[in-house]
Amino acid sequence: MPTVITEPQRPAIPVAGTNDAFPVRRVYCVGRNYAAHAREMGGDPSREPPFFFMKPADTVHVVPEGMTAEHAYPSQTSDYHFEIELVAFLAKGGKNIPVEKALDCVYGYAVGLDMTRRDLQQQAKDLRRPWELGKGADHSGPVGPVHPVVKVGHPAKGTISLTVDGQVKQKADLSDMIWSVAEQVSYVSTFFELKPGDVIFAGTPEGVGKVERGQTMVGAIEGLGEIKLRVV
Ligand code: MN
């Protein structure tokens, strides 16, 4: 059927080392997901269930390897924060996916940033309002190319870091995640039917902070390369 407006463009993230792209459907993000200390063997009874929010799918866009992307400082904030995160891309979905089957859904992984208007997020928390103004700013989900599982496996350990103008701001290990990607996929699938094209931002370690125009952020995850952005 002809459309009455030009078809909106669906975000698609290039797959590393190919001419192919991964089309994005939905973007789920897990809230704080790193413990200060290594997770105890056999689970931790004190851990609370994870919580999730969503970013608009078109906030996700690629920052090609080896280049410095310009990242526009958004409107209506004076406290714009970086959050370095592992990002999982799903090629399969389902409802009530068991943890043991959850990783079968993952096509690949990338380095990503969950950029956040922290002042508006805090205001939303204080006023018990939704988070979209804080979390859904245009372009607030830059990611690197997708690295397929067939090449990189399922990264469960390795350094995740973010520097601003060469200064280390966030540095942790993927093994510090409280909820694994498998557990996140499984849990989200009890609330929503997951589908191919869904993307999960796996949470950020400690050390988040503000970034200003003119500063350069480099986010990196061992085995998944790095993304470089200059805030303008
Ligand atoms: Mn986040």
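Structural remarks
- Under the combined filter of DSSP loop state and at most 15 neighbouring Cβ atoms within 10 Å, segment 191-232 retains these trypsin sites (Lys or Arg not before Pro): 213.
- When shorter helices are ignored and each DSSP H run of at least 4 residues is given -39500 (n - 2.57), the per-residue value for the chain at 222 nm works out to -3000 deg cm²/dmol.
- Overall Cα dimensions of the chain, principal axis frame, Å, largest first: 52, 44, 41
- Whole-number D in µm²/s for segment 51-105 (Stokes-Einstein; Kirkwood sum over Cα pairs; 37 °C, 0.692 mPa s): 217 µm²/s
- Electrostatic bookkeeping for residue 165 treats Lys and Arg as +1 and Asp and Glu as -1; over the other residues with beta carbon under 14 Å from its beta carbon, the sum is +4.
- Å² of accessible area per residue within the chain, as computed with a 1.4 Å probe and no ligands counted: 52 Å²
- Sites residue 72 and residue 51, calculated FRET efficiency, Cβ-Cβ separation with R0 35 Å, nearest 0.05: 0.75
- Electrostatic bookkeeping for residue 206 treats Lys and Arg as +1 and Asp and Glu as -1; over the other residues with beta carbon under 11 Å from its beta carbon, the sum is +1.
- Using a cut-off of 29 Å between Cα atoms, the listed pairs 101/157; 95/151; 101/228; 157/195; 157/228 include 101/228 as exceeding that distance.
- Apolar share of the accessible surface for segment 153-232: 50 percent from carbon plus sulfur atoms, 1.4 Å probe.
- FRET efficiency estimate (nearest 0.05) - Cβ-Cβ, residue 100 to residue 210, R0 45 angstrom: 0.65
- The residues neighbouring residue 30, those whose beta-carbon lies less than 10 Å from its own, together hold a net charge of -2 under the Lys/Arg +1, Asp/Glu -1 convention.
The values are calculated or read from the model by the stated rules, or taken from the named source; none is laboratory data. Small disclaimer: the values here were computed from a predicted structure and weren't measured. Note that each Cβ is placed from the backbone with ideal geometry, even for glycine, and that neighbours are counted across all protein chains shown. Only protein heavy atoms, including side chains, enter the accessible area calculation; ligands, DNA and RNA are left aside. Shrake-Rupley method; radii C 1.70, N 1.55, O 1.52, S 1.80 Å.
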